[in-house]
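Structure, as structure tokens:
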Amino acid sequence: MAEYGKEPGKPVEELIVAGVDIGSTMTKVVIRNGRTMSTFIGPTGAEYRTLAHKVVEDALNQASLGFDDLAYVVATGYGRMSVPFADQQITEISCHARGVRSLLPTARTVIDIGGQDSKAIKLNEQGRVINFVMNDKCAAGSGRFLEVIAESLGLKLEELGELSLKGDTAIKISSICTVFAEQEVVGHIADGRRLEDVLAGLHDSLASRVYSMAERIKLEPDVVLTGGVAKNIGIRKAMERKLGYQVLLPPEPLLTGAIGAALLAKELVLKAIEQGQPLKKERRPLEAARFFE
Amino acid sequence: MKQILARFAAVRDQPYQRLERWKRDTGKKIVGCLPMYVPEELIHAAGMLPVIVLAGKEPISLADRHLQSNACELVRSAYDMGLKGRLDFLDGLVVPDICDQLRFVYGIWNLDHPYPLMHVLALPHRQDEAALEYQLRLLGRFKAALEELAGGEITPDALRHSIQVYNQGRAKLRKLYQLRRQKPGLLGAREVLDVVVAAMLMPKEEHNRWLDELLVEVEAAPTPPPAPGQVKLFLAGQPCDPPDADLLDIIEAEGAVVVDDDMYTGFRYFATEVAPDGDPLMALARHYLNLIPCATTHRRELFLRPGREGPEDYGQFIIRMAKESGADGVVIMLVLYCDPYGFECVPLDDKLTKVGIPHLLVETEPETGALGRLRTRLQAFIEMVREQKLA
């Protein structure tokens, strides 16, 4: 491993760090090499416990780097504990906040809607987390909600949002439970309602659910939407209707957590160098998670 | 120290076998008390053993036949254990009339699975002179019921002696809590919980002796060096039933140490002592009336603490305790379906926000299953508090 900031090591500016965000649905890797960044996004799948190292390997290959080039790895997301080669695990709350702070510094609230949960994070003027709230009990208000509906209607997940915008009158759909909502949607379609109107209601329902949760920490502009669901224009518009103002979107909403993780990794390295502390006790190889350890 | 702590843990793990054995060996009677505010001293003075009935660890299987699904864990679990016969060593059950759940489970329990003595201890929901008189009369009635069960009179001297034994226990537990504040990280939150819960499940004299042994070792032990970025937390809530010890472990595994709490199976159980002089029954009435009130009984402007000047409401109390304990943040544990405490969380949240104490509300429920998800929230909270502390 290269020793940064020490002779004959590399200068701090060339520090290479990685952020690994293992979400319930997508795995995201960001490698920061000095000021340049390479990214990798892939499905998490059921095997993520054993595959995190493969994803990182792919990302490293893309950047023509080896694992030993990485000074520090921060893992985050739902599967962060299954990244045995990470130097530290940090929650997605802190990582999203850090990522958003660097991408969109005017943000005071981050609403992250991921595959299995949603969260709202309140930031102060310095971009530090001052409060957060999470829906971690059920799939309503998460990307899974949209996936279930897309599946049952035989639509592509990507087309749901656009279609919903073509609705004239949103049909009210319950926002409490994904299973019940699916039944409602199928029922409305069977009743001959317009698909676009049903979808408009559905997007409204998901946005309502997330909005009422997020409002518990008192939403303040600017509001940034992150996570896979942020890519859905229907949700974005529905959320803006509830808020009464526009939301901001990072260039790639899936990556904010991994970007934040990489930034935190860099900060941790710099801090360790500043304090003259050894960076880590023990470096573990880039390998799969072993069970029973 | 670990050896002594293991003894307390063993009592909490297997409370009932131990009590059954005690009953066989001594031939004495055991009276169960549901949380909170049952004057154990009266039972003790009648020559019987008071034990607090808490939620068990077994999955609930029989109680759901009788109880609605939004009954709290304590009520469902305690009643379930009763139906399964786990508490058949009890000669009596005292149910304090503090909330609807306890009040109503009493009636069902009495119908299905009564013990020789079934007693509802009605409690005043105010804190004034009229309430004191009422409380005194209720305790008189309770005393008479206990005397009938015990087959003998509770003399003032016996009661004074029992008060003394219980006060000693309270003082020792307070000493333990004081040492926990002074030596953060020395005692785990689970270990402290074991010690307090054991106090509710075994003879006080024996528990007091164990505490003496423990205190000597805790006093002698050095404070462990704080982990980098250590965060000190205060636990609020969980006013009736003990929290899931796994939850406490998660909190502490994420680089936080618990320095104090406001739990019934914690500080609330021994916060103040009974006045040792004067009429002992009156002293008991006054003591139990002035305890930290249950959320059902929150006398918002009249939360009088002995030894404190002026009234203090629940939020002010938590803020003071958190500050005094040196905590960096507060974790509020809300037992699912404890509606009164749920309502109490609203002004508490508001007050903590106003004084800038970071806090996290965690809903605790049986068979959580989602502890992993709770872990993310707790970890994120600890990261947030750490960052604020460093800033």
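Just to verify a result, which residue in the range A:80-128, among those that are facing chain B (nearest Cβ under 10 Å) and part of a loop (DSSP other than H, G, I, E, B), is most open to solvent (accessible area, probe 1.4 Å)? Taking the candidates together, the pick is A:Gln126. Please tell me if B:Tyr166 is modelled with pLDDT of 95 or more, open to solvent by less than 40 Å² (accessible area, probe 1.4 Å), farther than 16 Å from B:His287 by Cβ and not in a strand (DSSP E or B). Answer is no for this residue. Scanning the range A:121-142 for residues that are touching a strand residue (DSSP E or B) at 6+ places or on another chain (Cβ under 7 Å) and closer than 20 Å to A:Met26 by Cβ yields A:Ile121, A:Met134, A:Asn135, A:Gly141, A:Ser142.
Determine if the range B:111-124 includes at least one residue that is out of contact with any Pro (no Cβ under 9 Å at 6 or more places or on another chain) and under 15 Å from B:Tyr37 (Cα atoms). Looking for residues that are out of contact with any Pro (no Cβ under 9 Å at 6 or more places or on another chain) and under 15 Å from B:Tyr37 (Cα atoms), one finds at least one in the range B:111-124, hence yes.
When B:Gly140, B:Gly47, B:Gly92, B:Gly56 are screened for being over 30 Å from B:Pro280 (Cα atoms) and of a type outside the set (Asp, Glu), only B:Gly56 passes. Looking at the range B:316-336, is at least one residue of a type in the set (S, T, N, Q), more than 9 Å from chain A (Cβ to nearest Cβ) and assigned to a helix (DSSP H, G or I)? Yes.
The residues listed here are B:Pro242, B:Pro222; of these, the one that is open to solvent by 10 Å² or more (accessible area, probe 1.4 Å) and closer than 22 Å to B:Gln14 by Cα is B:Pro242.
Against the conditions (1) modelled with pLDDT under 95; (2) closer than 23 Å to A:Gln246 by Cβ; (3) within 14 Å of another protein chain (Cβ to nearest Cβ); (4) buried (at least 18 other Cβ atoms within 10 Å of the Cβ), A:Ser164 satisfies every one except (3). Does at least one position in the range A:129-138 carry a residue that is in contact (Cβ under 8 Å) with a residue 40 or more places away in the chain, outside any loop (DSSP other than H, G, I, E, B), within 14 Å of chain B (Cβ to nearest Cβ) and of a type in the set (Phe, Trp, Tyr)? Scanning the range A:129-138 turns up at least one residue that is in contact (Cβ under 8 Å) with a residue 40 or more places away in the chain, outside any loop (DSSP other than H, G, I, E, B), within 14 Å of chain B (Cβ to nearest Cβ) and of a type in the set (Phe, Trp, Tyr).
Out of curiosity, is B:Val120 more than 22 Å from B:Met333 (Cβ to Cβ), touching a Phe, Trp or Tyr at 6+ places or on another chain (Cβ under 8 Å) and open to solvent by less than 20 Å² (accessible area, probe 1.4 Å)? Spelling it out, it is not the case that B:Val120 is more than 22 Å from B:Met333 (Cβ to Cβ), touching a Phe, Trp or Tyr at 6+ places or on another chain (Cβ under 8 Å) and open to solvent by less than 20 Å² (accessible area, probe 1.4 Å).
Can you tell me which residue in the range A:40-79 is surrounded by the most Cβ atoms within 10 Å (Cβ to Cβ), limited to those that are among the polar types (S, T, N, Q) and farther than 19 Å from A:Glu267 by Cβ? For the range A:40-79, the residue satisfying everything is A:Thr44. Filtered by the rule that a residue be at pLDDT below 90 and within 17 Å of A:Ser208 (Cβ to Cβ), the range A:108-133 gives a lone residue, A:Asp117. If the condition is being within 23 Å of B:Gln168 (Cβ to Cβ) and open to solvent by 10 Å² or more (accessible area, probe 1.4 Å), then the range B:256-270 contributes B:Tyr264, B:Phe267, B:Arg268, B:Tyr269. Looking across the range B:17-35, the residues that are buried (at least 24 other Cβ atoms within 10 Å of the Cβ) and of a type outside the set (Val, Ile, Thr) come down to B:Gly32, B:Leu34, B:Pro35.
Picking from residues in the range B:283-316 that are over 28 Å from B:Ala158 (Cα atoms) and touching a Leu at 6+ places or on another chain (Cβ under 7 Å), the one that is modelled with the highest pLDDT is B:Gly315.
Working carefully through the options A:Val186, A:Val148, find the one that is more than 30 Å from B:Glu365 (Cβ to Cβ) and either part of a loop (DSSP other than H, G, I, E, B) or more than 14 Å from chain B (Cβ to nearest Cβ) (or both).
The match here is A:Val186.
Per-residue answers, yes or no, for (1) open to solvent by less than 10 Å² (accessible area, probe 1.4 Å); (2) in contact with a Cys (Cβ under 8 Å, 6 or more places away or on another chain); (3) not assigned by TED's automatic domain parsing to the domain that holds A:Ala71:
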{"residue": "A:Gly201", "(1), (2), (3)": "yes, no, yes"}
{"residue": "A:Ala207", "(1), (2), (3)": "yes, no, yes"}
{"residue": "A:Ser212", "(1), (2), (3)": "no, no, yes"}
{"residue": "A:Glu215", "(1), (2), (3)": "no, no, yes"}
{"residue": "A:Ile233", "(1), (2), (3)": "no, no, yes"}
{"residue": "A:Met239", "(1), (2), (3)": "yes, no, yes"}
{"residue": "A:Leu268", "(1), (2), (3)": "no, no, no"}
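Against the list (1) under 20 Å from the mean Cα position of the chain (by Cα); (2) closer than 26 Å to B:Ile250 by Cα, the condition B:Pro203 fails is (2). Which condition number in (1) open to solvent by 50 Å² or more (accessible area, probe 1.4 Å); (2) part of a helix (DSSP H, G or I); (3) touching a strand residue (DSSP E or B) at 6+ places or on another chain (Cβ under 7 Å); (4) touching a residue at least 24 places away in the same chain (Cβ under 8 Å) is the one that B:Arg103 fails? It is condition (4) that B:Arg103 fails. Residues that are assigned to a strand (DSSP E or B) and in contact (Cβ under 8 Å) with a residue 40 or more places away in the chain do not occur anywhere in the range B:135-146.
The values are calculated or read from the model by the stated rules, or taken from the named source; none is laboratory data. Only a predicted model underlies this, so the values are computations on that prediction, with no experimental measurement involved. Counting neighbours? That spans all protein chains shown, and the Cβs are built from the backbone with ideal geometry, glycine included. Note: areas computed on protein heavy atoms with side chains; ligands, DNA, RNA excluded. Shrake-Rupley method; radii C 1.70, N 1.55, O 1.52, S 1.80 Å.
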